[in-house]
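The values are calculated or read from the model by the stated rules, or taken from the named source; none is laboratory data. Model, not experiment: these values are computed from the prediction. Cβ placement follows ideal geometry from the backbone for every residue including glycine, while neighbour counts extend to all protein chains displayed. The area values use the complete protein model at the heavy-atom level, side chains included, leaving out ligands, DNA and RNA. Shrake-Rupley method; radii C 1.70, N 1.55, O 1.52, S 1.80 Å.
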Amino acid sequence: MSQRSSLIRIGTRGSRLAIWQTEWVRSRLHAAGFETDRLEIKTTGDLVPDVPLAQLGSRALFTKQIDDALLDGRIDLAVHSFKDLPTQLPHGISIAAIAPREDPTDALVGRSSIVLNEVPNHGVVATSSLRRRAQLLNVRPDLHVVDVRGNVDTRIAKLEGQSGWSAIVLATAGLVRLGLHHRIGERIPPDTMLPAPGQGALALTVRTSDSRVEVAARGAAHDPVTAFAVLAERGFLGRLEGGCQVPIAAYAVVSGTGRGHALRLQGRVLSLGGERKVDGAEQGIVSVEADAEAIGVRLAERLLRNGAAEILSGMRGSVVAQVPEP
(Lines give C-alpha, C1' and ligand atoms only; values in the text may rest on other atoms or scores of the structure.)
Protein backbone atom coordinates (compact mmCIF):
# COMPACT_ATOMS: atom_id res chain seq x y z
CA MET A 1 0.00 0.00 0.00
CA SER A 2 1.45 3.37 -0.98
CA GLN A 3 1.82 6.22 1.51
CA ARG A 4 -0.51 8.31 -0.64
CA SER A 5 -3.35 5.78 -0.58
CA SER A 6 -2.91 5.07 3.14
CA LEU A 7 -2.77 8.69 4.36
CA ILE A 8 -5.39 9.44 7.01
CA ARG A 9 -6.00 13.05 8.07
CA ILE A 10 -7.01 13.21 11.73
CA GLY A 11 -8.90 16.09 13.36
CA THR A 12 -8.68 16.94 17.05
CA ARG A 13 -9.05 19.73 19.54
CA GLY A 14 -5.83 21.57 20.34
CA SER A 15 -5.50 21.00 24.09
CA ARG A 16 -2.51 19.07 25.41
CA LEU A 17 -4.80 16.21 26.44
CA ALA A 18 -6.58 16.07 23.07
CA ILE A 19 -3.24 16.01 21.28
CA TRP A 20 -1.99 13.23 23.57
CA GLN A 21 -5.08 11.19 22.74
CA THR A 22 -4.68 11.81 19.01
CA GLU A 23 -0.99 10.93 19.06
CA TRP A 24 -1.87 7.66 20.78
CA VAL A 25 -4.28 6.87 17.93
CA ARG A 26 -1.68 7.93 15.35
CA SER A 27 0.86 5.57 16.89
CA ARG A 28 -1.57 2.66 16.55
CA LEU A 29 -2.33 3.55 12.94
CA HIS A 30 1.36 3.94 12.11
CA ALA A 31 2.01 0.50 13.58
CA ALA A 32 -0.67 -0.83 11.21
CA GLY A 33 1.07 0.76 8.20
CA PHE A 34 -0.90 3.98 7.75
CA GLU A 35 0.54 7.46 7.38
CA THR A 36 -1.35 10.26 9.16
CA ASP A 37 -1.58 14.04 9.36
CA ARG A 38 -2.99 15.93 12.37
CA LEU A 39 -5.27 18.96 12.07
CA GLU A 40 -6.13 20.93 15.22
CA ILE A 41 -9.63 22.48 15.27
CA LYS A 42 -11.21 24.89 17.75
CA THR A 43 -14.69 23.85 18.91
CA THR A 44 -17.55 25.78 20.50
CA GLY A 45 -16.34 24.84 23.97
CA ASP A 46 -12.85 26.13 23.12
CA LEU A 47 -14.07 29.41 21.62
CA VAL A 48 -15.96 30.48 24.76
CA PRO A 49 -13.75 29.12 27.58
CA ASP A 50 -15.13 31.37 30.33
CA VAL A 51 -18.83 30.52 29.91
CA PRO A 52 -20.29 27.75 32.13
CA LEU A 53 -21.10 24.69 30.04
CA ALA A 54 -24.75 24.69 31.13
CA GLN A 55 -25.21 28.16 29.61
CA LEU A 56 -24.10 27.16 26.11
CA GLY A 57 -26.81 26.45 23.59
CA SER A 58 -25.36 23.34 21.94
CA ARG A 59 -25.02 19.73 23.02
CA ALA A 60 -22.13 19.32 20.56
CA LEU A 61 -19.92 21.69 22.56
CA PHE A 62 -16.65 19.94 21.75
CA THR A 63 -17.50 18.19 18.49
CA LYS A 64 -19.46 20.38 16.04
CA GLN A 65 -16.57 22.04 14.21
CA ILE A 66 -14.71 18.74 14.01
CA ASP A 67 -17.85 17.08 12.62
CA ASP A 68 -18.07 19.84 10.01
CA ALA A 69 -14.46 19.22 8.95
CA LEU A 70 -15.19 15.50 8.67
CA LEU A 71 -18.30 16.02 6.54
CA ASP A 72 -16.53 18.63 4.37
CA GLY A 73 -13.71 16.20 3.65
CA ARG A 74 -10.97 18.26 5.32
CA ILE A 75 -10.24 15.34 7.65
CA ASP A 76 -10.88 11.59 7.42
CA LEU A 77 -10.97 10.64 11.09
CA ALA A 78 -11.74 12.45 14.35
CA VAL A 79 -10.56 11.59 17.85
CA HIS A 80 -12.87 12.56 20.73
CA SER A 81 -13.16 11.96 24.43
CA PHE A 82 -16.13 9.59 24.35
CA LYS A 83 -18.01 11.55 27.00
CA ASP A 84 -18.01 14.62 24.70
CA LEU A 85 -20.01 12.86 21.96
CA PRO A 86 -23.71 13.78 21.69
CA THR A 87 -25.94 10.72 21.84
CA GLN A 88 -27.18 11.56 18.34
CA LEU A 89 -24.38 11.99 15.81
CA PRO A 90 -24.86 14.12 12.68
CA HIS A 91 -26.13 12.29 9.60
CA GLY A 92 -23.18 10.88 7.71
CA ILE A 93 -20.93 10.34 10.75
CA SER A 94 -20.50 7.12 12.70
CA ILE A 95 -18.28 5.70 15.43
CA ALA A 96 -15.59 3.54 13.84
CA ALA A 97 -13.74 2.48 16.98
CA ILE A 98 -13.71 2.84 20.75
CA ALA A 99 -10.22 2.73 22.23
CA PRO A 100 -9.26 1.05 25.55
CA ARG A 101 -10.48 2.91 28.60
CA GLU A 102 -8.32 4.61 31.20
CA ASP A 103 -9.49 4.86 34.84
CA PRO A 104 -13.02 6.36 34.53
CA THR A 105 -13.21 7.88 38.03
CA ASP A 106 -13.14 11.54 39.01
CA ALA A 107 -10.14 12.88 40.89
CA LEU A 108 -9.89 15.43 43.67
CA VAL A 109 -6.92 17.75 43.16
CA GLY A 110 -5.66 20.23 45.77
CA ARG A 111 -2.56 22.34 46.18
CA SER A 112 -1.32 19.45 48.33
CA SER A 113 -2.68 15.94 48.75
CA ILE A 114 -6.32 16.03 49.85
CA VAL A 115 -9.33 13.68 50.05
CA LEU A 116 -12.98 14.65 50.03
CA ASN A 117 -13.51 13.96 53.72
CA GLU A 118 -10.66 16.36 54.53
CA VAL A 119 -12.11 19.35 52.67
CA PRO A 120 -13.00 21.84 55.44
CA ASN A 121 -16.63 22.56 56.31
CA HIS A 122 -17.97 25.14 53.83
CA GLY A 123 -14.82 24.66 51.74
CA VAL A 124 -14.74 25.72 48.08
CA VAL A 125 -14.48 23.06 45.38
CA ALA A 126 -14.42 23.99 41.68
CA THR A 127 -15.73 21.97 38.73
CA SER A 128 -17.14 22.61 35.26
CA SER A 129 -19.59 19.70 35.53
CA LEU A 130 -23.16 19.79 36.84
CA ARG A 131 -22.86 16.03 37.39
CA ARG A 132 -19.86 16.50 39.68
CA ARG A 133 -21.47 19.50 41.39
CA ALA A 134 -24.69 17.61 42.18
CA GLN A 135 -22.86 14.56 43.54
CA LEU A 136 -20.52 16.68 45.65
CA LEU A 137 -23.48 18.46 47.20
CA ASN A 138 -25.33 15.19 47.69
CA VAL A 139 -22.59 13.87 49.99
CA ARG A 140 -21.27 17.22 51.28
CA PRO A 141 -24.13 19.78 51.25
CA ASP A 142 -21.95 22.17 53.26
CA LEU A 143 -19.56 22.71 50.35
CA HIS A 144 -19.51 25.82 48.19
CA VAL A 145 -19.15 24.55 44.61
CA VAL A 146 -17.96 27.08 42.02
CA ASP A 147 -17.49 26.90 38.26
CA VAL A 148 -14.12 26.50 36.54
CA ARG A 149 -13.49 26.06 32.82
CA GLY A 150 -10.46 25.37 30.66
CA ASN A 151 -8.16 22.48 29.87
CA VAL A 152 -6.42 20.44 32.56
CA ASP A 153 -3.41 22.74 32.85
CA THR A 154 -5.60 25.86 32.95
CA ARG A 155 -7.78 24.49 35.74
CA ILE A 156 -4.79 23.47 37.84
CA ALA A 157 -3.30 26.95 37.33
CA LYS A 158 -6.60 28.52 38.44
CA LEU A 159 -6.54 26.36 41.58
CA GLU A 160 -3.02 27.53 42.37
CA GLY A 161 -4.10 31.15 41.94
CA GLN A 162 -7.23 30.93 44.10
CA SER A 163 -6.15 30.77 47.72
CA GLY A 164 -9.77 30.39 48.84
CA TRP A 165 -10.31 27.18 46.88
CA SER A 166 -9.78 23.87 48.66
CA ALA A 167 -9.75 21.66 45.55
CA ILE A 168 -10.91 21.06 41.99
CA VAL A 169 -12.39 17.92 40.45
CA LEU A 170 -10.99 16.56 37.18
CA ALA A 171 -11.22 13.29 35.29
CA THR A 172 -8.62 10.83 36.53
CA ALA A 173 -7.98 9.66 32.95
CA GLY A 174 -6.77 13.06 31.76
CA LEU A 175 -4.40 13.45 34.68
CA VAL A 176 -2.97 9.97 34.15
CA ARG A 177 -2.51 10.47 30.41
CA LEU A 178 -0.68 13.75 30.96
CA GLY A 179 1.63 12.27 33.58
CA LEU A 180 0.02 14.22 36.43
CA HIS A 181 -0.64 11.25 38.72
CA HIS A 182 1.11 13.08 41.55
CA ARG A 183 -1.60 15.79 41.56
CA ILE A 184 -4.35 13.29 42.45
CA GLY A 185 -5.32 13.49 46.12
CA GLU A 186 -8.17 10.98 45.80
CA ARG A 187 -9.69 8.91 43.04
CA ILE A 188 -13.26 9.40 44.19
CA PRO A 189 -15.04 6.02 44.49
CA PRO A 190 -17.98 5.49 42.09
CA ASP A 191 -20.31 4.92 45.05
CA THR A 192 -19.64 8.56 45.99
CA MET A 193 -19.24 10.06 42.53
CA LEU A 194 -20.41 7.99 39.57
CA PRO A 195 -18.53 8.96 36.37
CA ALA A 196 -19.91 10.59 33.26
CA PRO A 197 -21.09 8.09 30.63
CA GLY A 198 -18.06 7.19 28.53
CA GLN A 199 -15.52 8.91 30.79
CA GLY A 200 -11.98 7.66 30.21
CA ALA A 201 -12.67 6.19 26.76
CA LEU A 202 -11.84 7.56 23.30
CA ALA A 203 -14.16 7.53 20.29
CA LEU A 204 -12.90 7.55 16.70
CA THR A 205 -15.48 8.86 14.25
CA VAL A 206 -15.50 8.72 10.45
CA ARG A 207 -17.72 9.54 7.48
CA THR A 208 -20.20 6.70 7.29
CA SER A 209 -19.37 6.20 3.60
CA ASP A 210 -15.60 5.89 4.18
CA SER A 211 -15.10 2.17 4.71
CA ARG A 212 -11.32 2.43 4.16
CA VAL A 213 -10.79 4.63 7.21
CA GLU A 214 -13.44 2.85 9.27
CA VAL A 215 -11.70 -0.51 8.77
CA ALA A 216 -8.29 1.03 9.48
CA ALA A 217 -9.44 2.72 12.70
CA ARG A 218 -11.30 -0.30 14.00
CA GLY A 219 -8.41 -2.64 13.30
CA ALA A 220 -5.86 -0.36 14.93
CA ALA A 221 -7.63 0.93 18.01
CA HIS A 222 -10.94 -0.79 18.82
CA ASP A 223 -11.40 -2.52 22.19
CA PRO A 224 -14.60 -4.63 22.30
CA VAL A 225 -14.83 -4.80 26.11
CA THR A 226 -14.56 -1.01 26.48
CA ALA A 227 -17.14 -0.67 23.73
CA PHE A 228 -19.66 -2.84 25.60
CA ALA A 229 -19.21 -0.77 28.76
CA VAL A 230 -19.44 2.71 27.29
CA LEU A 231 -22.24 1.86 24.86
CA ALA A 232 -24.34 0.64 27.79
CA GLU A 233 -23.66 3.99 29.49
CA ARG A 234 -24.46 5.83 26.26
CA GLY A 235 -27.72 3.91 25.89
CA PHE A 236 -28.65 5.02 29.41
CA LEU A 237 -27.80 8.66 28.66
CA GLY A 238 -29.56 8.64 25.30
CA ARG A 239 -32.82 7.31 26.74
CA LEU A 240 -32.73 10.06 29.37
CA GLU A 241 -31.93 12.64 26.66
CA GLY A 242 -29.14 14.05 28.81
CA GLY A 243 -26.18 16.32 28.05
CA CYS A 244 -23.92 18.82 29.76
CA GLN A 245 -27.00 20.58 31.17
CA VAL A 246 -28.18 17.58 33.22
CA PRO A 247 -26.55 15.71 36.16
CA ILE A 248 -26.62 12.15 34.82
CA ALA A 249 -23.97 9.56 35.68
CA ALA A 250 -23.35 5.96 34.64
CA TYR A 251 -20.66 3.32 34.93
CA ALA A 252 -20.58 -0.19 33.48
CA VAL A 253 -18.24 -3.06 34.39
CA VAL A 254 -17.77 -5.96 31.97
CA SER A 255 -16.43 -9.34 33.01
CA GLY A 256 -16.00 -12.78 31.51
CA THR A 257 -14.60 -14.09 28.25
CA GLY A 258 -15.86 -16.08 25.32
CA ARG A 259 -19.03 -15.44 23.37
CA GLY A 260 -20.92 -13.76 26.19
CA HIS A 261 -19.75 -11.13 28.67
CA ALA A 262 -21.47 -10.22 31.92
CA LEU A 263 -22.20 -6.50 32.13
CA ARG A 264 -23.34 -4.60 35.20
CA LEU A 265 -24.41 -0.98 34.77
CA GLN A 266 -24.95 1.57 37.54
CA GLY A 267 -26.89 4.74 36.73
CA ARG A 268 -27.76 7.88 38.64
CA VAL A 269 -29.88 11.02 38.12
CA LEU A 270 -29.67 13.96 40.54
CA SER A 271 -31.25 17.33 41.04
CA LEU A 272 -28.96 20.30 40.39
CA GLY A 273 -28.36 20.91 44.08
CA GLY A 274 -27.94 17.24 44.92
CA GLU A 275 -30.97 17.19 47.23
CA ARG A 276 -32.66 14.42 45.25
CA LYS A 277 -31.03 11.30 43.82
CA VAL A 278 -32.43 8.32 41.96
CA ASP A 279 -30.04 5.48 41.19
CA GLY A 280 -30.05 1.81 40.38
CA ALA A 281 -28.31 -1.00 38.54
CA GLU A 282 -29.06 -3.36 35.67
CA GLN A 283 -27.15 -6.37 34.45
CA GLY A 284 -27.15 -8.90 31.66
CA ILE A 285 -25.12 -10.94 29.21
CA VAL A 286 -23.81 -9.12 26.12
CA SER A 287 -22.44 -10.65 22.94
CA VAL A 288 -23.01 -7.75 20.52
CA GLU A 289 -22.97 -3.98 21.05
CA ALA A 290 -26.75 -3.70 20.72
CA ASP A 291 -27.11 -5.90 23.82
CA ALA A 292 -25.12 -3.37 25.85
CA GLU A 293 -27.15 -0.41 24.60
CA ALA A 294 -30.35 -2.27 25.48
CA ILE A 295 -29.21 -2.72 29.09
CA GLY A 296 -28.64 1.04 29.29
CA VAL A 297 -32.10 1.76 27.95
CA ARG A 298 -33.72 -0.68 30.39
CA LEU A 299 -32.02 0.93 33.36
CA ALA A 300 -32.99 4.42 32.19
CA GLU A 301 -36.62 3.42 31.83
CA ARG A 302 -36.66 1.94 35.34
CA LEU A 303 -35.15 5.08 36.86
CA LEU A 304 -37.62 7.24 34.95
CA ARG A 305 -40.44 5.28 36.58
CA ASN A 306 -38.77 5.57 39.98
CA GLY A 307 -38.57 9.35 40.07
CA ALA A 308 -35.94 10.41 37.54
CA ALA A 309 -38.60 11.72 35.14
CA GLU A 310 -39.80 14.22 37.74
CA ILE A 311 -36.25 15.34 38.54
CA LEU A 312 -35.38 15.80 34.86
CA SER A 313 -38.60 17.64 34.07
CA GLY A 314 -38.03 20.20 36.80
CA MET A 315 -34.37 20.58 35.93
CA ARG A 316 -34.82 21.25 32.25
CA GLY A 317 -37.13 24.10 33.09
CA SER A 318 -34.50 25.73 35.30
CA VAL A 319 -31.36 25.26 33.18
CA VAL A 320 -31.69 27.53 30.17
CA ALA A 321 -28.97 28.08 27.57
CA GLN A 322 -28.01 31.76 27.67
CA VAL A 323 -25.10 31.91 25.24
CA PRO A 324 -25.57 30.81 21.63
CA GLU A 325 -22.94 28.98 19.62
CA PRO A 326 -20.24 31.34 18.30
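Taking the condition surrounded by fewer than 17 Cβ atoms within 10 Å (Cβ to Cβ), modelled with pLDDT of 95 or more and charged (D, E, K, R), does Arg316 pass? Even if it seems obvious, please write down each step before you answer.
Numbers: surrounded by fewer than 17 Cβ atoms within 10 Å (Cβ to Cβ): yes; modelled with pLDDT of 95 or more: no; charged (D, E, K, R): yes.
So Arg316 fails the test.
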Filter region 251-262 for residues that are in a strand (DSSP E or B) and out of contact with any Gly (no Cβ under 6 Å at 6 or more places or on another chain); the one that is surrounded by the most Cβ atoms within 10 Å (Cβ to Cβ) is Ala252
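Of all residues in region 279-299, count the ones that are farther than 23 Å from Ala171 by Cα and either polar (S, T, N, Q) or open to solvent by less than 30 Å² (accessible area, probe 1.4 Å) (or both).
Number satisfying all stated conditions: 7.
Results for (1) farther than 24 Å from Ile8 by Cα; (2) surrounded by 22 or more Cβ atoms within 10 Å (Cβ to Cβ); (3) β-branched (Val, Ile, Thr); (4) at pLDDT 90 or above, shown as yes or no for each residue.
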site: Leu47; (1), (2), (3), (4): yes, no, no, no
site: Ser58; (1), (2), (3), (4): yes, no, no, no
site: Ile66; (1), (2), (3), (4): no, yes, yes, yes
site: Asp76; (1), (2), (3), (4): no, yes, no, yes
site: Gln88; (1), (2), (3), (4): yes, no, no, yes
Could you grab me the full set of residues in region 96-124 that are of a type in the set (D, E, K, R) and either assigned to a strand (DSSP E or B) or open to solvent by less than 20 Å² (accessible area, probe 1.4 Å) (or both)?
Asp106
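From Ile184, Ile248, Ile168, grab the single residue that is over 30 Å from Ser112 (Cβ atoms), under 20 Å from the mean Cα position of the chain (by Cα) and not aromatic (Phe, Trp, Tyr).
On the way: Ile184 fails: over 30 Å from Ser112 (Cβ atoms); Ile168 fails: over 30 Å from Ser112 (Cβ atoms).
Every option except Ile248 fails the conditions.
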